[in-house]
Amino acid sequence: PALHANAEERRLLENSLRHALARDEFVLHYQPVVDATTEEVVSFEALIRWNSPEHGFVSPAKFIPLAEDTRLIVPIGEWVLREACRQAVNWPENVRVAVNVSGEQLLDSNFATSVVNALAESGLAPNRLEIEVTESIFLRDGTTANHVLERIMALGCGVALDDFGTGYSSLGYLRKLRFSTIKVDRSFVQSAATGNAESIAIIRAV
């Protein structure tokens, strides 16, 4: 019965998710990135949120994996990219915007074109956009991922490696690609904030 209930919930969520973009049910929230020394805001990370009429507020931890499994993440991710650029162009010129990109998006043949179009339509300077990826994309198709990210960097955009320190965390990625930012996984940062010596040592090493 529990398996049946989970499968039915997933089916209903997927059905709603297929219409969410057309119904304008998504919204972007922005998490500030602050310089630890000056306490100035240097950028914002765009985070997608879904408020469904049928299901209420749906956790990203639930709908993002579902979007990836169904490849709905490609059109949804394209919307996030366009919307983030459109809003960020109105911010102070020294403030950047970061957008998370999944493996499904990055390995899509039109991804680089989507980035170019989002910048062109919004008028946002390329150096104010940062694309965030996790190391999982390199496990799927490292050659293609590298090629696409190099094209993105050639435009002038930044590329960040997110959640570094978990999973495989191969240092080889850092040698192959010129990441503009390495984001140490939050578990280490939270532990360091409470004075955990091991987490502080790991952060310093990274």
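The values are calculated or read from the model by the stated rules, or taken from the named source; none is laboratory data. Quantities reported herein were computed from a predicted structural model and do not represent experimental measurements. No Cβ is skipped: glycine too gets one built from the backbone with ideal geometry, and neighbour counts run over all protein chains shown. We work out accessible area using only protein heavy atoms, side chains counted, and drop any ligands, DNA or RNA first. Shrake-Rupley method; radii C 1.70, N 1.55, O 1.52, S 1.80 Å.
Could you pull out the residue among Arg71, Arg82, Arg96, Arg86 that is on the phi > 0 side of the Ramachandran plot, within 17 Å of the chain's Cα centre (by Cα) and open to solvent by 60 Å² or more (accessible area, probe 1.4 Å)? Spell out how you get there, then give the answer.
On the way: Arg82 fails: on the phi > 0 side of the Ramachandran plot; Arg96 fails: on the phi > 0 side of the Ramachandran plot; Arg86 fails: on the phi > 0 side of the Ramachandran plot.
Being on the phi > 0 side of the Ramachandran plot, within 17 Å of the chain's Cα centre (by Cα) and open to solvent by 60 Å² or more (accessible area, probe 1.4 Å) holds for just one of Arg71, Arg82, Arg96, Arg86, which is Arg71.
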All but one of (1) open to solvent by 20 Å² or more (accessible area, probe 1.4 Å); (2) among the aromatic types (Phe, Trp, Tyr); (3) at pLDDT 90 or above hold for Phe138; which doesn't? (3)
If we keep just the residues of region 146-169 that are farther than 17 Å from Ile182 by Cα and assigned to a helix (DSSP H, G or I), which is least open to solvent (accessible area, probe 1.4 Å)? Val148
Restricting attention to region 34-64, the residues that are under 16 Å from His19 (Cβ atoms), out of contact with any helix residue (DSSP H, G or I) (no Cβ under 7 Å at 6 or more places or on another chain) and open to solvent by 70 Å² or more (accessible area, probe 1.4 Å) number exactly 2
Looking at region 172-189, is at least one residue farther than 16 Å from Leu129 by Cβ, open to solvent by less than 40 Å² (accessible area, probe 1.4 Å) and among the charged types (D, E, K, R)? yes
Might you let me know whether region 105-124 holds any residue that is open to solvent by less than 20 Å² (accessible area, probe 1.4 Å), modelled with pLDDT of 95 or more and not in a helix (DSSP H, G or I)? yes
Pick from region 107-134 the residues that are under 28 Å from Thr166 (Cβ atoms) and acidic (Asp, Glu): which of them is nearest to the chain's Cα centre (by Cα)? Glu132
Elements of type helices (runs of 4 or more DSSP H) in region 1-103, at least 3 residues being under 30 Å from Thr143 (Cα atoms) and in contact (Cβ under 8 Å) with a residue 24 or more places away in the chain: 60-69, 73-88
